[in-house]
Amino acid sequence: MKNKIILLACSVFIVGLATVATPGIAQPQQPGTKRTELQRHDLSTPGWEVIQARVDFDPAAVFSRHRHPGEEIIYVLEGMLEYRVEGKPPVTLKAGDVFFIPTGVAHSARNVGSGKAVELATYVVEKGKPLVTFIHQP
């Protein structure tokens, strides 16, 4: 019986370790934001996948400058968000608005409304690369 318990504990540990160590599974978080992965699927094009996530923003929260290894398609579910995309003027979107960010383009998002804001983000990205790469400013 004791051996079965030890074996079960080791199995749970190994499965948990594999989940934590698998690239792309952990979702980057920043203070005041929460990214929840909803689904992830391989595409028919080898080496590419689609990831869909819900991103919640507390009032005044900012998701700092970053980029993705593929396109991001945004649908604002709630509140108002301002997007700053490299080379373009800032854009403010409200619930029901959509937005497209091309591959590798630096951008940030900020909740500019008075309450919570939520987006549905769909990423068409190269498989195995980090979903988010933060851009550190000097």
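Bear in mind these aren't lab numbers, they're just calculated from the coordinates by the rules spelled out. Only a predicted model underlies this, so the values are computations on that prediction, with no experimental measurement involved. We place every Cβ from the backbone using ideal geometry, glycine too, and count neighbours over all the protein chains shown.
Prolate is the label for region 26-134. Its Cα gyration tensor axes, ordered a ≥ b ≥ c, give a/c of at least 1.5 and a/b above b/c. Simple spin-label estimate for Ser114 and Ser64 gives 3.0 nm between the two label positions (7 Å along the Cα-to-Cβ direction from each Cα). Starting from the Cα of Lys94, move 7 Å in the Cα-to-Cβ direction to define the label point; list residues of region 54-82 whose amide nitrogen is under 17 Å from there. Inside the label zone: 75-82.
Taking the Cα of Lys34, stepping 7 Å toward and past its beta carbon, and measuring to each backbone N in region 69-90: which are under 19 Å? Zone members listed by number: 76-81. Charges were assigned to the Cβ only: +1 to each Lys and Arg, -1 to each Asp and Glu. The resulting dipole of region 26-134 about its Cα centre is roughly 240 debye. When Asp56, Asp42, Asp97 are arranged by Cβ crowding within 10 Å, least crowded first, meaning fewest neighbours, the order is Asp42, Asp97, Asp56. Ordered by the number of other Cβ atoms lying within 10 Å of each residue's own Cβ, fewest first, Ile135, Ile73, Ile51 fall into the sequence Ile135, Ile73, Ile51. Label separation (Ile73 vs Thr122): 0.3 nm, computed from points 7 Å beyond Cα along the C-beta direction.
Rounded to the nearest Hz, the phi-derived 3J(HN,Hα) couplings of region 116-130 under the Karplus curve 6.51 cos²θ - 1.76 cosθ + 1.60 (θ = phi - 60°) are 5, 10, 9, 10, 9, 10, 10, 10, 10, 9, 5, 5, x, 9, x, where x marks glycine and proline. I want to make sure I understand the PRE zone here: with the label point 7 angstrom from the Cα of Thr45 toward its beta carbon, which residues in region 105-138 have backbone N atoms less than 20 Å away? Output list for this probe position: 105-106, 121-133.
For region 33-38, backbone phi angles converted through the Karplus equation (6.51, -1.76, 1.60; θ = phi - 60°) give residue-by-residue couplings of 10, 9, 9, 10, 6, 9 Hz, Gly and Pro being listed as x. Cβ-to-Cβ counts within 10 Å put Leu120, Leu81 in ascending order as Leu120, Leu81, the fewest first.
By the rule of a C-alpha distance below 17 Å, with chain neighbours fewer than 8 residues away ignored, the aspartates and glutamates paired with Lys116 are Asp56, Asp58, Glu78, Glu82, Asp97.
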